[in-house]
Amino acid sequence: KALELSDNVIIFIGSADKEGTKDNPFSYEMRKQMLELVYSEEINNNKIKIYPLKDIGVGNVFAWGDYLIEEVKKYTDKIDLFVSGEEAKIDLWFNDNLKKEIDFYKLSREEIKISATELRKIIFDNEYLEFKKYTNPKLYKYYSMIRLEIIKTNVEKTNNLSFMFEDVFDEDEE
């Protein structure tokens, strides 16, 4: 959507300093590589730039918004549009003066029909056809690798590998 609204887009990969957790199973590098696969033409034409964004642990306050704006200013001197998911907390990140200087576009759940949590569950549950409904075809051949990363983060929490073999072995066979 951002490319429809602007000629140049900066994508920040949030929680870039976190990986291997249930909420952040993928490393920054792996997430960046997936975006590079999907948007290779736009990246090659300098329409998209991708950068890491570390968590700073301040929550939903102006300090987070200030941090976001300062990070963007490291890479561009002009900020005219901020595209985000539709979350009420975003309104808490930016002061009224900044809201007058920058246009904000919130993607509704009608535009993004699935959350990251739901997509991770689909992948974990090995629902490949559902995965294909919500992802770019350029990622399909990497499904097994993506799923393995999600499984690793969940197995470490449960120490239970039995779910991995439910489709491989019939319960009646030994």
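Examine the stretch 59-71 for a residue that is within 18 Å of the chain's Cα centre (by Cα), under 25 Å from ASP23 (Cβ atoms) and of a type in the set (Val, Ile, Thr), and state whether such a residue exists. No, the stretch 59-71 contains no residue that is within 18 Å of the chain's Cα centre (by Cα), under 25 Å from ASP23 (Cβ atoms) and of a type in the set (Val, Ile, Thr). Within the stretch 44-71, the set of residues being open to solvent by 60 Å² or more (accessible area, probe 1.4 Å) and assigned to a helix (DSSP H, G or I) comprises ASN44, PHE62, ASP66, GLU70. In the condition set (1) over 29 Å from LYS99 (Cβ atoms); (2) touching a Leu at 6+ places or on another chain (Cβ under 7 Å), GLU71 is compliant with all but (1). Take the residues in the stretch 153-174 that are part of a helix (DSSP H, G or I) and open to solvent by less than 90 Å² (accessible area, probe 1.4 Å); name whichever of them is modelled with the highest pLDDT. Here the answer is THR153.
Only one of the numbered conditions (1) in contact with a strand residue (DSSP E or B) (Cβ under 9 Å, 6 or more places away or on another chain); (2) surrounded by 15 or more Cβ atoms within 10 Å (Cβ to Cβ) is not met by SER27, and that is (1). Going by the conditions given, is LYS32 of a type in the set (D, E, K, R) and either touching a residue at least 40 places away in the same chain (Cβ under 8 Å) or in contact with a helix residue (DSSP H, G or I) (Cβ under 6 Å, 6 or more places away or on another chain) (or both)? No; evaluated as a whole, the condition is false for this residue. Of the listed requirements (1) surrounded by 11 or more Cβ atoms within 10 Å (Cβ to Cβ); (2) among the basic types (Lys, Arg); (3) free of Cβ contacts under 8 Å to residues at least 12 places away in the same chain, LYS78 misses just one: (1). Does at least one position in the stretch 1-9 carry a residue that is buried (at least 16 other Cβ atoms within 10 Å of the Cβ), part of a helix (DSSP H, G or I) and out of contact with any His (no Cβ under 9 Å at 6 or more places or on another chain)? Within the stretch 1-9, one or more residues are buried (at least 16 other Cβ atoms within 10 Å of the Cβ), part of a helix (DSSP H, G or I) and out of contact with any His (no Cβ under 9 Å at 6 or more places or on another chain).
The values are calculated or read from the model by the stated rules, or taken from the named source; none is laboratory data. Note that the coordinates shown come from a computational prediction; the quantities given were computed from them, not determined experimentally. Positions of Cβ are backbone-derived with ideal geometry, glycine not excepted, and every protein chain shown enters the neighbour counts. Heads up: the accessible areas ignore ligands, DNA and RNA and are worked out on the full protein's heavy atoms, side chains in. Shrake-Rupley method; radii C 1.70, N 1.55, O 1.52, S 1.80 Å.
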